[in-house]
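What follows is one structure encoded as structure tokens, with my remarks underneath.
The values are calculated or read from the model by the stated rules, or taken from the named source; none is laboratory data. Keep in mind that this is a model prediction, so the values were computed, not measured. Positions of Cβ are generated from backbone atoms using ideal geometry, with glycine treated the same way; all protein chains shown enter the neighbour counts.
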Amino acid sequence: MTEGAPPGVRITQKDVMEAADLDFEEQEEHWNVYKLSDGTTLKVKLILRGVKRLNKWNDDGTPLYVISAQNFVRAIDIPAKLKAKIKESSFGPV
């Protein structure tokens, strides 16, 4: 569970279980926009869902945090040649 941890810092499941849960409020959330080689534009946003402050610190004395987040991805400006044909619904009107 040390993926993303600073070099030389080992984060265990126990560290996460003993970490302090922190409340937070959204200040700014921006979309990152990427133009793909196939002509599609991707908009990506990371939404924070939870934050824990570990009882561990970087070499410079700053505390380590673990986050829970969700990525939102939107594809826009998709070239027509990449789109599939819309399938007819097999359900009739109610």
Screening Thr12, Thr40 for residues that are of a type in the set (S, T, N, Q) and in contact (Cβ under 8 Å) with a residue 40 or more places away in the chain leaves only Thr40
Which of the residues that make up the range 37-51 are outside any loop (DSSP other than H, G, I, E, B) and of a type in the set (S, T, N, Q)? Thr41
Gly8 - would you say it is surrounded by 11 or more Cβ atoms within 10 Å (Cβ to Cβ) and at positive phi? no
Can you find a residue that is at pLDDT 95 or above and acidic (Asp, Glu) anywhere in the range 46-66? no
Scanning the range 70-94 residue by residue, the ones that are part of a loop (DSSP other than H, G, I, E, B) and touching a residue at least 40 places away in the same chain (Cβ under 8 Å) total 1
Of the residues in the range 25-82, those that are within 13 Å of the chain's Cα centre (by Cα) and of a type in the set (Ser, Thr, Tyr) come to Ser68
If a residue has to be surrounded by 10 or more Cβ atoms within 10 Å (Cβ to Cβ) and touching a Pro at 6+ places or on another chain (Cβ under 8 Å) to count, how many in the range 22-42 make the cut? 2
Quick one: Lys45 ticks every box in (1) surrounded by 11 or more Cβ atoms within 10 Å (Cβ to Cβ); (2) out of contact with any His (no Cβ under 9 Å at 6 or more places or on another chain) bar one, so which box is it? (2)
Please tell me if Lys52 is surrounded by 13 or more Cβ atoms within 10 Å (Cβ to Cβ), free of Cβ contacts under 8 Å to residues at least 60 places away in the same chain and in contact with a strand residue (DSSP E or B) (Cβ under 7 Å, 6 or more places away or on another chain). yes
Is there any pair with a first residue in the range 19-36 that is assigned to a loop (DSSP other than H, G, I, E, B) and a second that is of a type in the set (Val, Ile, Thr) whose Cβ atoms are under 8 Å apart and which are 6 or more apart or on different chains, and what are they? Ala19/Val66; Phe24/Val51; Glu29/Ile47; Trp31/Val44
